[in-house]
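Scroll down for the structure; my scribbles are underneath it.
Please treat every number below as a calculation from the coordinates, not as lab data. Since the model is a prediction, treat every value here as computed from it, not as a measurement. Note that each Cβ is placed from the backbone with ideal geometry, even for glycine, and that neighbours are counted across all protein chains shown.
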Amino acid sequence: MNGNGVHGKTTLNGKTLSGTGVNGKGVHGNGIHHVSVNGSLYPTKAKSRRQRWEVKPSEMANNTLNPIRAIVDGMKITPNPDKPMIALSIGDPTVFGNLPTDDAVLQAMKDAIDSQKYNGYAPSVGYLKSRQAVANFYSCPEAPLEAEDVILTSGCSQAIDLAISVLCNPGDNILVPCPGFSLYKTLAVSMGIKVKLYNLLPEKSWEIDLQHMESLIDERTSCLIITNPSNPCGSVFSKEHLQKILKVASRHCVPILADEIYTDMVSCSCPSMASLSSDVPILSCGGLAKRWLVPGWRLGWIQIHDRNDIFGSQIRQGLVKLTQRILGACTIVQGALEGILNNTRQSFYNDTISFLKSNSEICFNELSTIPGLNPVMPSGAMYLMVGIDMDHFPNFKNDVDFTERLVTEQSVFCLPASAFEYPNFFRIVVTVPGEMMVEACVRIREFCQCHYRPRSRDSNDLDQ
Ligand SMILES: Cc1ncc(COP(=O)(O)O)c(C=O)c1O
């Protein structure tokens, strides 16, 4: 076999050639053959030869845009030297060291390394026993899962990438929440897939505006993306709302990509989309990153919940083929997966949830008494969105300007929600230690008091 994984010998003018001289590159059973029958091995076409260097990034590279980077990189992040920086912007629960993973998770990883069993390549879809572990962990009577319904991936991001790639062709469109996690659009646009944003309603705890969503569906809509619980909103949909979403999908025969990476990180009930679906096929994407607090380990999964055999073998085979492009999840973490899922203590999950809930309450209670700010109380994930009454802050052009000045004056960095296509809001990550959360709120209050201006109508009211 040669370096490209191509077997075989090549004949030229009756002579058998083998080895790297001819087929070290480029000779392929698919009919691509670089050997000239005129005797010259590598004929040169003078006219088509390039005269000068011109190496340019591909269209795909040019069309790949991460809006968070685009916005954050353009911001002037210069903290006030007199105040230590508090970054409430990064969705990585490990950055402050206050939320270590469970000991059982670490032990499973150590055991996997020590066993020396997981140093080789795994099957492209993951080890069978690790897929089985995910299936056992999430299977329920309403949405049963077998190992063959699970594909292991490099983080939930790759799960989303594979799910979009298997369901959509260039020119198709997908429906994505607004505000929403930016990766969906980043991936889709780079693949020539159009993105239509459906509105979430802050006044209804970020429920979907179902009429708006339905109005966007057309014959080229290849999937609805539902993020529940939500990044950036921290919202969790009720069972009734999920059922209504499923009805829309069912009416238009559109499958659902359910991003459920924050599932079970909730302070209320949060049924999975699949457990409520009787006819809509669902690809549910998840992983270890958030619930087990190990985002760097890059282990995610797709759960295939096929209803009425609609995905059938074709979508399954499509997913398998896509996993064969680049092997996904790290084998050591795959080896540890069964131990992680089976041995993590319930108290670990409970402690994380109570910590996030307590921080969300501190933040919400504080910010809701600050004139000009309108926080929306979350019930899951690790985020809280805050609306800014821009009319009351005439010193600032928009949310980007507002959050930039908040860093300059108070050394508190929140992500402007323009990064989620939702201007005049900002997102707070609630994984920081409690005392930092309190301090951040004090500073946000000081900042707002300094810049708040009553509207002219309000001041007239006061005069009367
Ligand atoms: C909604 C959502 N989906 C997917 C991901 C990606 O997860 P992973 O780090 O496992 O790729 C994130 C990460 O922040 C997220 O917020």
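Electrostatic tally near ALA417: other residues with Cβ closer than 15 Å to its Cβ, Lys and Arg +1, Asp and Glu -1, net -2.
The label point for GLN449 and the one for MET191, both projected 7 Å from the Cα toward the Cβ, are 5.1 nm apart. Most simply put, the chain has about 60% antiparallel DSSP beta bridges, counting only bridges with both residues inside it. Looking at GLY180, PHE425, ALA336, which one has the Cα that reaches farthest to the positive end of the dipole of the chain (charges on Cβ: Lys, Arg +1; Asp, Glu -1)? Of GLY180, PHE425, ALA336, it is ALA336.
FRET efficiency for the pair ASN169 and GLU421, taken as 1/(1 + (r/R0)^6) with r the Cβ-Cβ distance and R0 = 25 Å, rounds to 0.55. Using Cβ point charges alone (K and R +1, D and E -1), the dipole size of the chain about the Cα centre works out to roughly 2520 debye. For ARG50 and ILE90, the FRET efficiency from 1/(1 + (r/R0)^6), where r spans their Cβ atoms and R0 equals 30 Å, is about 0.10.
For the pair region 392-438 / region 163-206, the C-alpha centres are spaced 24 Å from each other. Placing unit charges on each Cβ (+1 for Lys and Arg, -1 for Asp and Glu) gives region 106-343 a dipole about its Cα centre, and among THR221, ILE160, SER275 the Cα reaching farthest toward its positive end belongs to ILE160. The charge dipole of region 106-343, taken about its Cα centre with unit charges on the Cβ atoms of Lys, Arg (+1), Asp and Glu (-1) only, comes to about 460 debye.
Determine Rg/Rh for the chain; Rg is computed over alpha-carbon atoms and Rh is the Kirkwood hydrodynamic estimate from the same atoms. Let's see the in-between values first.
On the way: Rg = 26.2 Å, Rh = 24.9 Å.
Dividing the radius of gyration by the Kirkwood radius yields 1.05.
Net length available on complete extension from ASN66 to SER278 is 72.8 nm, with 0.36 nm assigned per residue and the Cα-Cα distance removed.
Simple spin-label estimate for LEU210 and GLU409 gives 4.3 nm between the two label positions (7 Å along the Cα-to-Cβ direction from each Cα).
Can you work out the FRET efficiency for the pair SER313 and ARG251, with r the C-beta to C-beta distance and R0 = 30 Å, to the nearest 0.05?
Working: r = 26 Å, r/R0 = 0.86.
Once rounded, the FRET efficiency stands at 0.70.
Of the peptides 107-117, 147-157, the ranking by mean beta-carbon count within 10 Å, highest at the top, reads 147-157, 107-117.
Modelled spin labels at ASN398 and ASN350, positioned 7 Å past Cα toward Cβ, are 4.6 nm from each other.
When both region 84-101 and region 247-263 are represented by their alpha-carbon centers, they are found 31 Å apart. Here's how it looks for CYS223: its modeled amide H is under 5 Å from those of LEU175, which are all 5 or more places away or on a different chain.
Descending by average beta-carbon neighbour count within 10 Å, the peptides 58-65, 219-226 line up as 219-226, 58-65, the highest first.
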